[in-house]
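Following: one structure in structure tokens, then a few remarks.
The values are calculated or read from the model by the stated rules, or taken from the named source; none is laboratory data. Keep in mind the model is a prediction, meaning the values are calculated, not measured. Glycine gets a Cβ as well: all are built from the backbone with ideal geometry, and neighbour counts include every protein chain shown.
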Amino acid sequence: MDLSLSMWLLAILSAIMIGMAKTGVNGLGTLVVPIMAFIFGGMPSSGLVLPMLIMADVFGVVYYHRSTHWKTVLGVLPWAFAGILIGWLVGKNISSVQFKQLIGLLVILSLAVMIWMEFRKKKTTEIVAHKTSVAIPFGIMGGFSTMIGNAAGPIMSVYLLSKNLPKKEYIGTAAWFFFIINLSKLPLQIWGWHNITLQTLAFNLMLLPAIALGAYFGIKIVKLFPENAYRWFVLAATFVSAVVLLIQ
């Protein structure tokens, strides 16, 4: 690929941030979306980012494989697959910018509810969070948003936070969810949208060392956070991600 030095540096920075995001430093993955779109354009960048996400997912699931809440993963996956299918069918006929702005608004609204739940700390809020009816809209929105613009991070952060999972379980559950979801998107983008090729995969492999470095940094940074502080960090990072989706 004929890229300038500045574009290569931005791509390497994006790879590091993806690695960090997939090992617990939430929010950075969403920041990658506008950076890669700036370098390569909307649809091509989606095909470039997906293999990078999968490679970073591998680091997450390997390191946190013992800390996965499988009931949460399996409860939301069917609805996420439905959202992916909808996104694949309408993806070429929708404005990704308008969609991301809508997702940003939904995330901020969801965060407001989450913060209210944090201060109330009543069992009724936990009961609501564990209802299947909550998994349906979050799963569909998560699947749809990840198919359109790899922007499901903030949506799923809000959903997983509502489960009140411990720090390691939160990260392990998110890692496995996105690993499964991102793998399922591969054939749709290869043969449906035709935006993943041998050339783009070669480019992805060149960025693998940067992804690994980011994953290492992410693991080290997450260890510095106590449980409650990490929860508030995720809330703050998710809010920033939602703002990025709104303004890009």
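Counted as qualifying within segment 187-248 are the helices (runs of 4 or more DSSP H) with 2 or more residues that are of a type in the set (A, V, I, L, M, F, W, C) and in contact with a helix residue (DSSP H, G or I) (Cβ under 6 Å, 6 or more places away or on another chain), namely 208-223, 227-247.
Would you mention how many residues in segment 5-33 are part of a helix (DSSP H, G or I) and over 11 Å from the mean Cα position of the chain (by Cα)?
Number of matching residues: 15.
Conditions tested, residue by residue: (1) touching a Cys at 6+ places or on another chain (Cβ under 7 Å); (2) under 30 Å from PRO44 (Cβ atoms); (3) modelled with pLDDT of 85 or more; (4) of a type in the set (Val, Ile, Thr).
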residue: THR124; (1), (2), (3), (4): no, no, no, yes
residue: VAL128; (1), (2), (3), (4): no, no, no, yes
residue: GLY139; (1), (2), (3), (4): no, yes, yes, no
residue: THR146; (1), (2), (3), (4): no, yes, no, yes
residue: GLY149; (1), (2), (3), (4): no, yes, no, no
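Going by what's in this entry, would ASN182 be described as of a type in the set (S, T, N, Q) and either outside any helix (DSSP H, G or I) or touching a Cys at 6+ places or on another chain (Cβ under 9 Å) (or both)? In short, no. Checked against (1) in contact with a Lys or Arg (Cβ under 8 Å, 6 or more places away or on another chain); (2) surrounded by 20 or more Cβ atoms within 10 Å (Cβ to Cβ), TRP193 passes all but a single condition, namely (2). With respect to the stated conditions, LYS185 fails to be among the charged types (D, E, K, R) and over 15 Å from the mean Cα position of the chain (by Cα).
Results for (1) crowded, with 21+ Cβ neighbours inside 10 Å; (2) under 21 Å from ALA237 (Cβ atoms); (3) modelled with pLDDT of 75 or more; (4) touching a helix residue (DSSP H, G or I) at 6+ places or on another chain (Cβ under 8 Å), shown as yes or no for each residue.
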residue: PHE40; (1), (2), (3), (4): yes, no, yes, yes
residue: LEU48; (1), (2), (3), (4): yes, no, yes, yes
residue: MET52; (1), (2), (3), (4): yes, yes, yes, yes
residue: VAL58; (1), (2), (3), (4): no, no, yes, yes
residue: TYR64; (1), (2), (3), (4): yes, yes, yes, yes
residue: SER67; (1), (2), (3), (4): no, yes, yes, yes
residue: LYS92; (1), (2), (3), (4): no, no, no, yes
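LEU205 meets the conditions (1) more than 14 Å from the chain's Cα centre (by Cα); (2) farther than 19 Å from ILE148 by Cα; (3) surrounded by 19 or more Cβ atoms within 10 Å (Cβ to Cβ) in every case but one. The failed one is (3).
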